[in-house]
Amino acid sequence: QVQLVESGGGLVQPGGSLRLSCAASGSIFGTGIMGWYRQAPGKQRELVATIRSGGVTIYADFVKGRFAISRDNSKNTMFLQMNSLKPEDTAVYYCNFGGAKFGDWGQGTQVTVSS
């Protein structure tokens, strides 16, 4: 099992930026798929972006061109750079290791986009 801890959330104005981090424990970090998911109030959790150990990325359509996922396997850390934030990006953002169905989850970090 991989322990995951997110950080970097907060309150930001529309059009602003935030950078989320996910620190992972466990030596298998570098071998698996990782991702960011989010859940807004009253909505289901949804995929934001994933990144494989080799660096291949997938993004949800609603964040393409605005968000960038990356990972540093040497530091067991994954990032999500979020630019041009919109009010509809407001949600709890979760870090995942190993896929949504059977993987491990962090506790989440709140992102609020509001003026």
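The values are calculated or read from the model by the stated rules, or taken from the named source; none is laboratory data. The shown structure was predicted, so the numbers you read here are calculated from the model rather than taken from an experiment. In this analysis, Cβ positions are derived from the backbone assuming ideal geometry, glycine residues included, and neighbour counts consider all displayed protein chains. Surface areas here come from the heavy atoms of the whole protein model, side chains and all, with no ligands, DNA or RNA. Shrake-Rupley method; radii C 1.70, N 1.55, O 1.52, S 1.80 Å.
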Take LEU80 and decide whether it is in contact (Cβ under 8 Å) with a residue 40 or more places away in the chain and within 12 Å of the chain's Cα centre (by Cα). yes
Give me the residue from segment 37-57 that is touching a helix residue (DSSP H, G or I) at 6+ places or on another chain (Cβ under 9 Å) and open to solvent by less than 20 Å² (accessible area, probe 1.4 Å) and, out of that set, nearest to GLN110 (Cα to Cα). ARG38
Please tell me if LYS64 is more than 12 Å from the chain's Cα centre (by Cα) and modelled with pLDDT of 95 or more. no
Hits in segment 83-100 (condition: free of Cβ contacts under 8 Å to residues at least 60 places away in the same chain and either surrounded by fewer than 14 Cβ atoms within 10 Å (Cβ to Cβ) or part of a helix (DSSP H, G or I) (or both)): GLU88, ASP89
Pick from segment 1-36 the residues that are in contact with a Lys or Arg (Cβ under 7 Å, 6 or more places away or on another chain) and open to solvent by 20 Å² or more (accessible area, probe 1.4 Å): which of them is nearest to TRP105 (Cα to Cα)? ILE33
Go through segment 58-76 and count every residue that is assigned to a helix (DSSP H, G or I) and open to solvent by less than 50 Å² (accessible area, probe 1.4 Å). 1
Which numbered condition SER115 misses (of (1) under 20 Å from LEU11 (Cβ atoms); (2) assigned to a strand (DSSP E or B)): (2)
